Amino acid sequence: MTSATRFPAPLLRDDEPTTLVTTPLAYGYLRVPADVPDYRVRRVEQAVTRFAASKGLYFVSFFFELDCGSREGFEELITELVRAEAHHVVVPSLRHLALNELLRTAMREQLALEANAQVHPVGRRTGEALA
């Protein structure tokens with residue numbers, strides 16, 4: 001499942017009103033267990049968006065996996081990355097891709113091959129906030 005959360009489009013520069021500032025686009029990807037309270041999810045979402053901004057990325061939206069073992073959100077993420085020509089995925093930690101290291105590596109490779117995207121983990125502690 002994906003979130004409908006969208007952020008406003010990048011603004012035009014004051015000194016060049018007809019030139020769009022081209023900031024690289026980034027999307028977030030989170031696995032959210034059913035028993036995690038909304039306030040904890042929101043706190044992690046805020047950390048992801050702050051991290052993206054600190055790296056000079058324009059954060060667009062989140063994609064979520066709500067069911068254990070599901071890859072529906074991941075597949076939708078790849079489709080959106082290709083459509084938007086975006087190349088950055090921000091995750092709270094790499095464990096949000098998968099707990100299994102081999103599967104996690106395969107998912108990173110799939111993002112790189114299909115969408116020319118790189119994964120940016122915020123950090124270990126942020127990702128564990130949803131575990």
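The values are calculated or read from the model by the stated rules, or taken from the named source; none is laboratory data. From a predicted model like this one, the values you see are computed outputs, not experimental measurements. Glycine gets a Cβ as well: all are built from the backbone with ideal geometry, and neighbour counts include every protein chain shown. Note: accessible area is taken over every heavy atom of the protein model, side chains too, but ligands, DNA and RNA are not part of it. Shrake-Rupley method; radii C 1.70, N 1.55, O 1.52, S 1.80 Å.
Rounded to the nearest whole Hz, the Karplus-based 3J(HN,Hα) values (6.51 cos²θ - 1.76 cosθ + 1.60, θ = phi - 60°) of the range 45-50 follow the sequence 4, 5, 5, 5, 5, 5, with x at glycine and proline. Sequence-ordered 3J(HN,Hα) estimates for the range 106-113 from the Karplus curve with 6.51, -1.76 and 1.60 and θ = phi - 60° stand at 4, 5, 5, 5, 4, 4, 5, 6 Hz, glycine and proline given as x. Just to be sure I understand the model, the point goes 7 Å from the Cα along the line to the Cβ. What's the resulting Ala112 to Tyr39 distance in nm? Each label point is offset 7 Å from its Cα along the Cβ direction, giving 4.1 nm.
Sorted by average packing, counted as other Cβ atoms within 10 angstrom per residue and highest first, what order do 111-122, 55-66 take? Display every interim value, and only then the final one.
Values: 111-122: 16.6, 55-66: 18.5.
Output ranking for 111-122, 55-66: 55-66, 111-122.
For the pair Glu76 and Lys55, a Förster radius of 22 Å applied to the C-beta separation gives a FRET efficiency near 0.45, rounded to the nearest 0.05.
Quick check: with the 1.4 Å probe, what order do Arg43, Arg83, Arg108, Arg31 take by accessible area, largest first? Intermediate results must be reported in sequence, preceding the final value.
On the way: Arg43 125, Arg83 160, Arg108 100, Arg31 50 Å².
Sorted descending by solvent-accessible area, the residues read Arg83, Arg43, Arg108, Arg31.
In the assembled protein chains, Ser70 presents an accessible area of approximately 30 Å² (probe radius 1.4 Å).
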